[in-house]
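One structure is given below, encoded as structure tokens.
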Amino acid sequence: MPAPPIRAWFEDPILDAIVLTCDKYRALTEHMIFQYDRLWPDHRFRFLIPFQHDRGPDSRKCKFVRTDPSIRQTVLTLLRDFDDEDWVYWAIDDKYPIILDVPKIKTLERWLETQQSINGVLFCRCRKLNKQKYLNSIIIHDQESNKYLGRNGYEQIWLHQLIRVKILRRLFQAFPEVIDCPKDMDALKKLPNVPVADLLFVRDDTLAIFGESTHRGVLTSNCSESILKYKLRLPMWFQQTTCTRIILGEEEFWRSQNRSLAWFARARAALSGGTWLRQALTGASDA
């Protein structure tokens, strides 16, 4: 049975964003949402934030949902009121946006309005998705001839992306009730009992740069610098930062955007923030 038209999804002023987190990482959730608000002030995301004890205030952009502390039940609870064919924005708080090409992402959304045979689109091509063996033979184009490549399985499923509920629901239904470490999900998604993920795509040219918030349970240096730069609160468990910087899609973004070397140098100098970046990509002004 073909998927229903998604015009209602596109025209809805709210698009729910599913956040995988828990109370312990609330400061990272706040940092991630802050960056979306800063880089994309008119975004239409409503972040569904799970909590166990520490409920925050609901607002137009945030809704708190009480969940079981287990990873599996957290996601399934957040998805319980959605139909399988509904679209959501998948936004784990261990990732946060650094640069977004907002006009092109909005155009992508408008194109998705016409598509019924797509289950997910990732607009940051990075890591293994640069290797052909992690892609399949399916290639589609949008109305402006931008290319979208079929992804094999759940590769880069933890990166922020537009996705149908059924993909996330079936994945987490196949997971065990107890997951000792979030990193274990990388292996779990490859087990034979996990349903095949079909019709997931990645855009050939990268429209975003993301940072990772933690590395082996310790705050990355890039996330720590960003939190301090914008005077946000650090996690209560914070004691030190790793020397590791984890930036996703950086080289791919500049290469695919064909930016000038001068533009590139300025951006690298201010990669963790800077209002001029948003102005350059969106034409927005802070005046």
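Values computed for the structure shown
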quantity	calculated
Pro192 vs. criteria over 27 Å from Glu252 (Cβ atoms) and exposed (fewer than 12 other Cβ atoms within 10 Å of the Cβ)	yes
Strands (runs of 3 or more DSSP E) enclosed by segment 105-209 - at least 3 residues per element that are under 20 Å from the mean Cα position of the chain (by Cα) and within 21 Å of Leu15 (Cα to Cα)	120-122, 161-164, 200-203
Qualifying residue in segment 253-269 (condition: more than 19 Å from His215 (Cβ to Cβ), surrounded by fewer than 17 Cβ atoms within 10 Å (Cβ to Cβ) and modelled with pLDDT of 90 or more)	no
Filter result for Glu212 (within 16 Å of the chain's Cα centre (by Cα) and in contact (Cβ under 8 Å) with a residue 12 or more places away in the chain)	yes
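The values are calculated or read from the model by the stated rules, or taken from the named source; none is laboratory data. What you are looking at is a predicted structure, and each value in this text was computed from that prediction instead of being measured. Reconstructed Cβ throughout: ideal geometry from the backbone, glycine too, with neighbour counts over all protein chains shown.
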